[in-house]
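Novice: Dropping the structure in here first, questions after.
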Amino acid sequence: MLGKTVKGVLWWACLSALVFCDSPGAGVASAGEAIFSPPSEQSIPGGSLGDLVRKGEEIFTNTKKYAGHYVGNDLTCESCHLNRGRKAYAAPLWGAYGIYPRYRLKNHKVNSLAERMQGCFRFSMNGTAPAVDSPTVKALVAYSYWMSRGAPVGVKLPGAGMLHLTPPSRSPDPFSGKKVYEARCALCHGLHGQGRMSRGETAFPPVWGGKSFNKGAGFYNVGKLAGFIKMNMPLSKGDSLSDQDAWDVAAYVDSQPRPEKPAVK
Amino acid sequence: MINIHQVIKRVPEFFQGNARTIFPISFNAKVHPDIFSTQERSMRKKLVWFSVFLFFLGDFSPAVSAHAEDLFSRGRQIAKAGNGMPGNTACMECHRLKGGGMPSIGAPRISGQTIQYIEREITEVQKGARYGPVMAGVVQNLSPRDILAVATYYSKVRSPKLRDTETLSPKRVRLGKQIAHQGLWKKNIPACVVCHGPNGYGVPPLFPYIAGQNRTYLMRQLIAYAFLERKDDPQGLMRGIARRLSPQERKSVAEYFSSLDPPYTGSR
């Protein structure tokens, strides 16, 4: 009788542990670091600003349809800036707006937010950059502006940019990375990195090959890619790879063929 | 800041026309510089043999499609009357001959799911790894070939959407739609349509379509992933998501997807 009760209690404990402690995997920002929460969709204002913000969101999530002229691969801005540019540790727009203009080592210049976006068009989207005063960039900047309302300006917020993953104890090894890739990534991104289609539309974006980001992109830097993967991949299972696995798989992905870096203009 | 990228230098490409960037030997002692060339060479050899094989296959291709036709009619036979072994029930008793399912008892619509997915689910039910209290009783005696045959059959037949038994709440459908298209990121749930394809039409081969599926079935699966014995989903992706949804949210997404039109409704 007693045994039965104890067993019952244990069973419940197990079950509730299972149900309630399934970590949502956003773990890293602990110790009082509150992550900024951007305004909700419903609070997009009316009027012309609202229209511009919505336009920006459309370009961001469906780049080929709304800015196809500038896009040279099968990605959208959201492929890397997850949750429509809102996800912490996936370079959210709310984390970017307040820290530009800023100096970047990459081109030894002080860059505005618009110029930073041009960079993503040329390298991450393997396309051409729309002019800083083009309707496309204006809409994207308006979208970032709206999303960062209420966020402190001039400081790097927790969750902004990509996670800076500590360098691994063993050099990243693309051969171990291949094993990780096959076990954890190929289901969605395909064994050959080609991504997957659903009735003619890209469902899972390609991670290498002619339709992915080029060698000038931020993700061609193994460290940046490893930080992104650690926090966000496999999708919905962020923070489930070990740091070493994240480095290895990033090294593997970056060792595969992809478009060359476009010549400097 | 250590930038690993600066450590990794490109070395001359080993093959003309192969743009692969590889890592210098010093970067990882285990990497033998020749490993790519050996692999590549054996790959090329295989390719040559494969094209020879294809060349001969060309002559026999009618036989190949006859084989597929065979599977289809064998599958239709099983769907209609079972495979003749004791304990096997005709699939059409519950899934109908055209695979439209039976909303009243929560038997799923299966017409147009991929061969790989149908095959996988039945095999996993046989192994006991996939929740299937009803299915477990009726598919034990199917051989792998039988399974391939019914999978081929049901992936090819088409059925219109069958009327669901319950009326839906517009409020829940609205919430369901929002979760389906935008996710619930505060609980780390991506939009359902990211994995189940635009409109919930599926991403072949292993992400099933869920649009137009009946509500009772969808609801049961979400509960089975969250608490019961559906434990064979790759990497636990669906289990994690179903667990993090609240009962109200599970109901809402089930109602939303059941309100949509399914893919593959044409005639065959």
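Novice: Of the residues B:Leu175, B:Leu218, which single one is more than 20 Å from the chain's Cα centre (by Cα) and in a helix (DSSP H, G or I)?
Specialist: Sole residue among the options that is more than 20 Å from the chain's Cα centre (by Cα) and in a helix (DSSP H, G or I): B:Leu175.
Novice: If the Cβ limit is 7 Å and pairs must be 6+ apart or interchain, which residue in region A:232-247 that is under 19 Å from A:Ser176 (Cα atoms) and assigned by TED's automatic domain parsing to the domain that holds A:Gly195 pairs with which residue that is buried (at least 22 other Cβ atoms within 10 Å of the Cβ) and among the charged types (D, E, K, R)?
Specialist: Taking only residues 6 or more apart or on different chains, the pairs are A:Asp239/A:Lys230; A:Leu241/A:Lys230; A:Asp243/A:Lys230; A:Ala246/A:Lys230.
Novice: Let me ask something else. Looking at (1) at pLDDT below 95; (2) not in a strand (DSSP E or B), which is the only condition A:Asn126 fails?
Specialist: Exception for A:Asn126: condition (1).
Novice: Among the helices (runs of 4 or more DSSP H) contained in region A:167-250, which hold 2 or more residues that are more than 18 Å from B:Pro190 (Cα to Cα) and more than 18 Å from the chain's Cα centre (by Cα)? So that I can check it myself, show each step before the final result.
Specialist: Numbers: elements: A:174-184, A:186-189, A:222-232.
Output list reads A:174-184.
Novice: So which pairs qualify, if the first residue must be in region B:182-200 and closer than 12 Å to A:Ala203 by Cβ and at the interface with another protein chain (Cβ under 8 Å from one of its Cβ atoms), the second must be at pLDDT below 95 and open to solvent by 30 Å² or more (accessible area, probe 1.4 Å), the Cβ gap must be under 7 Å, and the two must be at least 6 apart or on different chains?
Specialist: B:Pro198/A:Glu201
Novice: From the list A:Gly200, A:Gly223, pick out the single residue that is in contact (Cβ under 8 Å) with a residue 40 or more places away in the chain, within 10 Å of chain B (Cβ to nearest Cβ) and of a type in the set (Gly, Ala, Ser). Walk me through it before giving the result.
Specialist: Details: A:Gly200 fails: in contact (Cβ under 8 Å) with a residue 40 or more places away in the chain.
That would be A:Gly223, the only listed residue that is in contact (Cβ under 8 Å) with a residue 40 or more places away in the chain, within 10 Å of chain B (Cβ to nearest Cβ) and of a type in the set (Gly, Ala, Ser).
Novice: Residues in region B:221-237 that are within 13 Å of chain A (Cβ to nearest Cβ) and not in a loop (DSSP other than H, G, I, E, B): how many?
Specialist: Looking only at that region, the number is 8.
Novice: What is the one condition in (1) under 30 Å from B:Leu245 (Cα atoms); (2) in contact with a Ser or Thr (Cβ under 6 Å, 6 or more places away or on another chain) that A:Phe213 does not satisfy?
Specialist: In the conditions (1) under 30 Å from B:Leu245 (Cα atoms); (2) in contact with a Ser or Thr (Cβ under 6 Å, 6 or more places away or on another chain), A:Phe213 misses (1) alone.
Novice: Taking region B:122-137 as the region of interest, how many residues are open to solvent by 40 Å² or more (accessible area, probe 1.4 Å) and in a loop (DSSP other than H, G, I, E, B)?
Specialist: Of the residues in that region, 4 qualify.
Novice: Take the residues in region B:233-268 that are over 16 Å from B:Gly200 (Cα atoms) and among the charged types (D, E, K, R), then tell me which one is least open to solvent (accessible area, probe 1.4 Å).
Specialist: B:Asp233
Novice: Of all the residues that make up region A:153-165, how many are assigned to a loop (DSSP other than H, G, I, E, B) and either open to solvent by less than 70 Å² (accessible area, probe 1.4 Å) or at the interface with chain B (Cβ under 10 Å from one of its Cβ atoms) (or both)?
Specialist: Taking region A:153-165 as the starting set, the residues that turn out to be assigned to a loop (DSSP other than H, G, I, E, B) are A:153-161, A:163-165.
Narrowing the set further to residues that are either open to solvent by less than 70 Å² (accessible area, probe 1.4 Å) or at the interface with chain B (Cβ under 10 Å from one of its Cβ atoms) (or both) leaves A:154, A:157-161, A:163-165.
Going through region A:153-165 one residue at a time, the tally reaches 9.
Novice: Which fully enclosed helices (runs of 4 or more DSSP H) of region A:49-88 have 1 or more residues being touching a Phe, Trp or Tyr at 6+ places or on another chain (Cβ under 7 Å), crowded, with 20+ Cβ neighbours inside 10 Å and more than 14 Å from chain B (Cβ to nearest Cβ)?
Specialist: On the way: elements: A:63-67, A:77-80, A:82-85.
Of the helices (runs of 4 or more DSSP H) lying wholly inside region A:49-88, those with at least 1 residues that are touching a Phe, Trp or Tyr at 6+ places or on another chain (Cβ under 7 Å), crowded, with 20+ Cβ neighbours inside 10 Å and more than 14 Å from chain B (Cβ to nearest Cβ) span A:77-80.
Novice: Working carefully through the options A:Ser169, A:Ser176, A:Ser236, A:Ser212, find the one that is more than 23 Å from A:Leu93 (Cα to Cα), hydroxyl-bearing (Ser, Thr, Tyr) and modelled with pLDDT of 95 or more. Give the derivation first.
Specialist: On the way: A:Ser169 fails: modelled with pLDDT of 95 or more; A:Ser236 fails: more than 23 Å from A:Leu93 (Cα to Cα); A:Ser212 fails: more than 23 Å from A:Leu93 (Cα to Cα).
Exactly one residue qualifies, and that residue is A:Ser176.
Novice: State which residue pairs qualify: first residue at the interface with another protein chain (Cβ under 9 Å from one of its Cβ atoms) and open to solvent by less than 20 Å² (accessible area, probe 1.4 Å) and inside region A:253-265, second residue hydroxyl-bearing (Ser, Thr, Tyr) and part of a helix (DSSP H, G or I) in any location, beta carbons under 8 Å apart, and separation of 6 or more residues or different chains.
Specialist: What qualifies is A:Asp254/A:Tyr220; A:Arg258/A:Tyr220.
Novice: Are any residues in region A:94-115 open to solvent by 80 Å² or more (accessible area, probe 1.4 Å) and in a loop (DSSP other than H, G, I, E, B), and if so, which ones? So that I can check it myself, show each step before the final result.
Specialist: Quick first cut of region A:94-115, residues open to solvent by 80 Å² or more (accessible area, probe 1.4 Å) only: A:101-103, A:105-106, A:108-110.
Result: A:Pro101, A:Leu105, A:Lys106, A:His108.
Novice: Assuming B:Gly240 fulfils every condition listed in (1) away from every other protein chain (no Cβ under 11 Å); (2) small (Gly, Ala, Ser); (3) within 25 Å of A:Arg196 (Cα to Cα) apart from one, which condition is it?
Specialist: Status for B:Gly240: all satisfied but (1).
Novice: Please enumerate the residues belonging to region A:166-186 that are within 12 Å of chain B (Cβ to nearest Cβ) and either charged (D, E, K, R) or over 20 Å from A:Trp208 (Cβ atoms) (or both).
Specialist: Within region A:166-186, A:Thr166, A:Pro167, A:Pro168, A:Arg170, A:Ser171, A:Asp173, A:Lys178, A:Arg184 meet the criteria.
The values are calculated or read from the model by the stated rules, or taken from the named source; none is laboratory data. Small disclaimer: the values here were computed from a predicted structure and weren't measured. Note that we place each Cβ from the backbone using ideal geometry, even for glycine, and neighbour counts take in every protein chain shown. For the accessible areas, the whole protein counts, side chains as well, though only heavy atoms, and no ligand, DNA or RNA atoms are used. Shrake-Rupley method; radii C 1.70, N 1.55, O 1.52, S 1.80 Å.
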